[in-house]
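Structure, as structure tokens:
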Amino acid sequence: MATVDLEEDESGPAPRAEVRSPRRIVIMLASVGVVVLALMFGQRTIDARHRAEVAALATVPGVVAPLDEHLEVTRRISGEDVDTAFGPNGSVEHARDGSQRYVWRAQGGAPLWSTPLMGARPALAGLADMYTGTSCIPEGQQSYIGYWDLSDVRRLVCLVSDGGVSFTEDETVEVPARTVGVMVLATADGAIEHQWSLAHGEGITVVPGVAVVQWTDGNDVFVEGHDLRTGALRWTHRIRGTEVPSAGFASGNIGTAGRLVTVDGVDGRFVVLSPDGEVVIDVSPSPQRGFVERSVDAAGRIFVYGLGGKMRGATTLVAPDGNPAHNVAVDGVVVPASVDDGSAGDLFLTGSDGLEAWDGATGERRWKADVSTSSVLVLAGRIYAVTGDGVVSLDVGSGEEVWHASVEDASSYSGLFTDGQHVLVEKSDGGLGLIALDRETGEVRFRAPYPKDVRALFPVGHSLVGHVDSSGGYLVVE
């Protein structure tokens, strides 16, 4: 009988199949459920925050209503109706007898009230193309903002003058002013809240509590601050000039930026005064500066820079508080934000060799990015800029790139605008239209051709408006 050696299996007994208890299975399923719920809750929280962010951006001036790939003309506006197309507005109207009144109109043009400003003036009666020295400024309006929503304006401050000038092809007729004064009107009903007389007056603007009046004497321009209620003279500033103004025109243009008074056009100078009449900055053309230019951002901050000469490429932020010691001078030409929600704080941007961010209070440079652009958007803590090959998004605090979208058909000469969800840039080829990029990721969401007859689009308030070359009118696009 053959002997058979049997080898013992050193692996041991076969393992028993693991049997999971019902309780353990329940715990595992519960854990998975918790994770899923957490993810769902987190996504809902993110979505809610995004919706809240978009809703908040929708109230920012210059952010237009939501758009998609189908752009359609929803309204046609004639040139005569544009003043009241987007909100209430008013104007000075002149009668044939030389009298003047102010008419306040609702959106769409229906008159709400009218207030007589001056009675008949025979010297003005019947003159063609008459321009008088009368003008009305909404209290709180900023002079350098293209569109200003007047829905919440409570008062109008009017400089009323019985002087004027008429221009025809054959002659210029100037009627010197005999009577000049100020009227403060309530926008609710046109009631005269305050009224007082002036010895002189050719232009007017308003800063808090003060009506600022400008007038010319020979080569010099005088700027006076009067108590808005009583007319009492608070201060006077004289700007000495060398050029005598043309007939019918004041030397210098007066305006408001933030809480500051601006006067430009006197011998090419640009002068900024505080609400108390103190000089904040007085810049004149020179071989060092070249031509003096200025820009005002959405917050009312004034930037002054030279074009040409040794000072080319230098910018001064004029102190918003009116203290000249707080003016900030930096390198580079200011890059304005066409839309700014305030999330950048006091930071401002210049562009020369790249995009540089500066602290508006100290003048300290915060960061520099290798981006060349002339206009930006500031939205929800990010800066969006059109570049030579598309659009870039930067973190407002660090300048670090968030995303860079290379879009071959984006126009590098176009400004950017937004509907809160998208960054919008014009196409450079393949027909006129818009390219919409996701604000968060930079992905192209859609391309939308312009409607027929629209040659260019620009934001007015929260509307997207196109100009029609043939008729001189406007089209509202949604």
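The values are calculated or read from the model by the stated rules, or taken from the named source; none is laboratory data. Note that this is a predicted model, so its numbers are computed, not measured. Don't worry about glycine lacking a Cβ; one is built from the backbone with ideal geometry, like all the others, and counts go over all protein chains shown.
Among D152, D170, D189, which is touching a Phe, Trp or Tyr at 6+ places or on another chain (Cβ under 8 Å), surrounded by fewer than 15 Cβ atoms within 10 Å (Cβ to Cβ) and either charged (D, E, K, R) or at positive phi (or both)?
Among D152, D170, D189, only D189 is touching a Phe, Trp or Tyr at 6+ places or on another chain (Cβ under 8 Å), surrounded by fewer than 15 Cβ atoms within 10 Å (Cβ to Cβ) and either charged (D, E, K, R) or at positive phi (or both).
Could you tell me whether any residue of region 417-424 is over 17 Å from A58 (Cβ atoms) and either in contact with a Leu (Cβ under 7 Å, 6 or more places away or on another chain) or surrounded by fewer than 19 Cβ atoms within 10 Å (Cβ to Cβ) (or both)?
Filtering region 417-424 for residues over 17 Å from A58 (Cβ atoms) gives none.
Looking for residues that are over 17 Å from A58 (Cβ atoms) and either in contact with a Leu (Cβ under 7 Å, 6 or more places away or on another chain) or surrounded by fewer than 19 Cβ atoms within 10 Å (Cβ to Cβ) (or both), one finds none in region 417-424, hence no.
Within region 159-197, which residues are over 34 Å from the mean Cα position of the chain (by Cα), assigned to a strand (DSSP E or B) and not hydroxyl-bearing (S, T, Y)?
Across region 159-197, the qualifying residues are V173, E174, V175.
State whether one or more residues within region 393-403 are assigned to a strand (DSSP E or B), under 20 Å from G62 (Cβ atoms) and modelled with pLDDT of 95 or more.
Yes, region 393-403 contains a residue that is assigned to a strand (DSSP E or B), under 20 Å from G62 (Cβ atoms) and modelled with pLDDT of 95 or more.
Residue under question is V103, and the condition is that it be closer than 30 Å to G461 by Cβ, assigned to a strand (DSSP E or B) and at pLDDT 90 or above; does it hold?
Against the criterion (closer than 30 Å to G461 by Cβ, assigned to a strand (DSSP E or B) and at pLDDT 90 or above), V103 qualifies.
For L71, are the conditions met, namely being assigned to a loop (DSSP other than H, G, I, E, B) and at pLDDT below 90?
Criteria not met by L71.
Residue-wise test of (1) at pLDDT 90 or above; (2) over 24 Å from L198 (Cα atoms); (3) assigned to a strand (DSSP E or B).
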site	(1), (2), (3)
V92	yes, no, yes
R96	no, yes, no
Q107	yes, yes, no
L112	yes, yes, yes
S143	no, no, no
L150	no, yes, no
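For L464, all conditions in the list (1) surrounded by fewer than 22 Cβ atoms within 10 Å (Cβ to Cβ); (2) under 21 Å from the mean Cα position of the chain (by Cα); (3) modelled with pLDDT of 85 or more hold save one; what is the number of the exception?
That leaves (1) as the condition not met.
Give me a count of the residues in region 90-104 that are buried (at least 19 other Cβ atoms within 10 Å of the Cβ) and in contact with a strand residue (DSSP E or B) (Cβ under 6 Å, 6 or more places away or on another chain).
5
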